[in-house]
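Peer 1: Pasting a structure below so you can have a look.
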Amino acid sequence: MSDKLDSIRKLLDETDKAIVEALAKRQKLVREISELKLDKKSRIRDNKREEELLEKITKLARQEGLDRYFAEQLFKDIIHHSVRFQTHSLVDHQNEQKNADTVRVAYQGTDGAFSHQAAFRHFEERYAQVDCFGYDTFRQAAEAVKEQKVDYAILPIENTTAGSIRETYDLLADDELHIVGEEAIRIIHCLLALEEVPMNRIRRIMSHPQAIAQCSNFLATLHDCKVESYIDTAMSAKKVLEDGDLSQAAIAGSYAAEIYGLKILKRDLANQSENFTRFVVVGPQAVEIDRQIPCKTSLLMVTTHEQGALVGCLNILADHGIDMTKLESRPKPNEPWKYQFYLDIEGNIASPEIRVALQELEQEASSLKVLGCYPAQVGALNE
């Protein structure tokens with residue numbers, strides 16, 4: 001029984017390897033197609049071609065005895081990734097990005113942090129080399145862009161469990177920073193240790209306070225175990241490695257486990273399984289986005305101190321059929337009891353509809369600033 005099981009598992013490993021190799025081969029073909037489209041100025045998406053592909057896939061799945069729904073969903077993800085890559089390629093091409101082989105990215109934290117993972121996720125396929133630099137604070141990461149130490153900074157702006165990251169919103173008010181992209185990653189908290197020890201041997205668990213709060217249900221099941229707040233998730237993983245204590249563990253991501261050579265004792269510790277963090281990519285210059293690309297535009301608005309002023313501004317967007325995906329209020333610096341509003345809207349500032357709406361909004365509000373217009377990665381490309 002054991003020999004047969006091992007033999008089947010070996011075949012599974014070989015099949016998984018073949019699947020990854022096939023996906024890598026497909027991505028190389030996508031890159032070639034993207035380059036041809038850039039030369040011919042062709043559209044990124046061919047909806048008819050996508051529908052024909054999905055139809056073929058469901059037929060093939062049926063012939064092979066595979067769940068058609070599973071196959072269709074899998075290839076929808078593959079198509080989404082292809083569109084994502086081609087979108088980034090077009091943006092880079094039209095904005096004539098310099099140093100095309102290497103990009104320097106600042107983030108808050110250390111190697112293995114979720115921000116570090118998001119930086120690689122956003123840039124890895126676009127550049128031959130991604131150099132990431134960790135800073136102690138969000139502000140220091142943003143300052144690195146302004147001081148030209150890096151090309152971009154990646155900053156978390158909201159989490160589906162914890163809500164908005166207020167410090168990032170405050171940093172975006174700076175005139176020298178422009179949002180040029182966004183990224184979202186699923187936050188999967190794992191329990192990491194030096195070796196695969198039994199859970200009852202763990203006496204101390206370290207992590208960032210937010211991660212501890214998000215995993216409170218799991219932590220409540222542990223006995224004789226001290227839970228301690230630490231600087232961030234990745235730093236707690238690093239400390240487990242440095243201390244070399246088998247009774248210690250950290251709550252961090254699998255990416256941190258890979259970097260520091262730790263073992264994953266348990267995955268998916270969070271109270272809510274659907275836990276995502278959205279990041280914004282900020283640079284020293286705004287980017288132009290082709291109008292075929294689904295976009296978000298982020299705004300900073302200050303309203304007049306009159307009754308119904310905010311509603312009047314929002315009605316302008318509604319009157320022009322513009323969808324607002326985010327509204328966040330923050331106190332206005334040095335002006336007690338006055339507020340400024342951060343808005344995300346769907347649309348490209350190059351389109352006539354958005355331009356007219358923003359002109360009207362500028363007249364209605366006390367002040368209006370465009371923080372950035374950038375390709376929408378959260379939501380829009382999944383449609």
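The values are calculated or read from the model by the stated rules, or taken from the named source; none is laboratory data. The shown structure was predicted, so the numbers you read here are calculated from the model rather than taken from an experiment. Because the Cβ atoms are built from the backbone with ideal geometry, glycine has one as well, and the counts that use them run over all protein chains shown. Only protein heavy atoms, including side chains, enter the accessible area calculation; ligands, DNA and RNA are left aside. Shrake-Rupley method; radii C 1.70, N 1.55, O 1.52, S 1.80 Å.
Peer 1: Return the total of residues in region 118-147 being open to solvent by 50 Å² or more (accessible area, probe 1.4 Å), outside any loop (DSSP other than H, G, I, E, B) and either in contact with a Ser or Thr (Cβ under 9 Å, 6 or more places away or on another chain) or farther than 26 Å from VAL240 by Cβ (or both).
Peer 2: The number of residues fulfilling the criteria is 4.
Peer 1: For region 272-287, name all the residues that are open to solvent by 70 Å² or more (accessible area, probe 1.4 Å) and farther than 28 Å from GLU143 by Cα.
Peer 2: GLN272, SER273, GLU274
Table: residues versus (1) open to solvent by 20 Å² or more (accessible area, probe 1.4 Å); (2) touching a helix residue (DSSP H, G or I) at 6+ places or on another chain (Cβ under 8 Å); (3) without any contact (Cβ under 8 Å) to a residue 12 or more places away in the chain; (4) not small (Gly, Ala, Ser).
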position	(1), (2), (3), (4)
ARG201	yes, no, no, yes
MET206	no, yes, no, yes
GLN210	yes, no, no, yes
PHE218	yes, no, no, yes
LEU222	yes, yes, no, yes
LYS226	yes, no, no, yes
TYR230	yes, yes, no, yes
ALA234	no, yes, no, no
ALA237	no, yes, no, no
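Peer 1: Same structure, new question: For region 276-298, does any single residue satisfy the condition of being part of a strand (DSSP E or B) and over 23 Å from ASN348 (Cα atoms)?
Peer 2: Scanning region 276-298, I find at least one residue that is part of a strand (DSSP E or B) and over 23 Å from ASN348 (Cα atoms), so the answer is yes.
Peer 1: For region 247-264, indicate whether the set of residues that are farther than 18 Å from HIS116 by Cβ, open to solvent by 10 Å² or more (accessible area, probe 1.4 Å), free of Cβ contacts under 8 Å to residues at least 60 places away in the same chain and assigned to a loop (DSSP other than H, G, I, E, B) is non-empty.
Peer 2: Yes, that holds for at least one residue.
Peer 1: May I ask you to verify whether GLU383 is of a type in the set (Asp, Glu), more than 30 Å from SER82 (Cα to Cα), surrounded by fewer than 17 Cβ atoms within 10 Å (Cβ to Cβ) and at pLDDT below 90?
Peer 2: no
Peer 1: For ILE78, are the conditions met, namely being without any contact (Cβ under 8 Å) to a residue 40 or more places away in the chain, part of a helix (DSSP H, G or I) and open to solvent by less than 50 Å² (accessible area, probe 1.4 Å)?
Peer 2: no
Peer 1: I'd like to verify a number: residues in region 175-224 that are over 17 Å from ALA252 (Cβ atoms) and not in a loop (DSSP other than H, G, I, E, B), how many?
Peer 2: Qualifying residue count, region 175-224: 10.
Peer 1: Give me the residue from region 148-170 that is part of a strand (DSSP E or B) and among the aliphatic types (A, V, I, L, M) and, out of that set, surrounded by the most Cβ atoms within 10 Å (Cβ to Cβ).
Peer 2: Among them, the one singled out is ALA153.
Peer 1: Here's something else I'd like to know. The conditions are (1) out of contact with any Lys or Arg (no Cβ under 9 Å at 6 or more places or on another chain); (2) polar (S, T, N, Q); (3) open to solvent by less than 50 Å² (accessible area, probe 1.4 Å); (4) in a strand (DSSP E or B), and THR304 fails exactly one of them. Which is it?
Peer 2: Going through the list (1) out of contact with any Lys or Arg (no Cβ under 9 Å at 6 or more places or on another chain); (2) polar (S, T, N, Q); (3) open to solvent by less than 50 Å² (accessible area, probe 1.4 Å); (4) in a strand (DSSP E or B), THR304 breaks only (4).
Peer 1: Return only the number of the condition from (1) open to solvent by 60 Å² or more (accessible area, probe 1.4 Å); (2) within 16 Å of ASP290 (Cβ to Cβ); (3) touching a helix residue (DSSP H, G or I) at 6+ places or on another chain (Cβ under 9 Å); (4) free of Cβ contacts under 8 Å to residues at least 24 places away in the same chain that SER42 does not satisfy.
Peer 2: It fails just one condition, (1).
Peer 1: Looking at LEU54, is it under 29 Å from the mean Cα position of the chain (by Cα), assigned to a helix (DSSP H, G or I) and not polar (S, T, N, Q)?
Peer 2: yes
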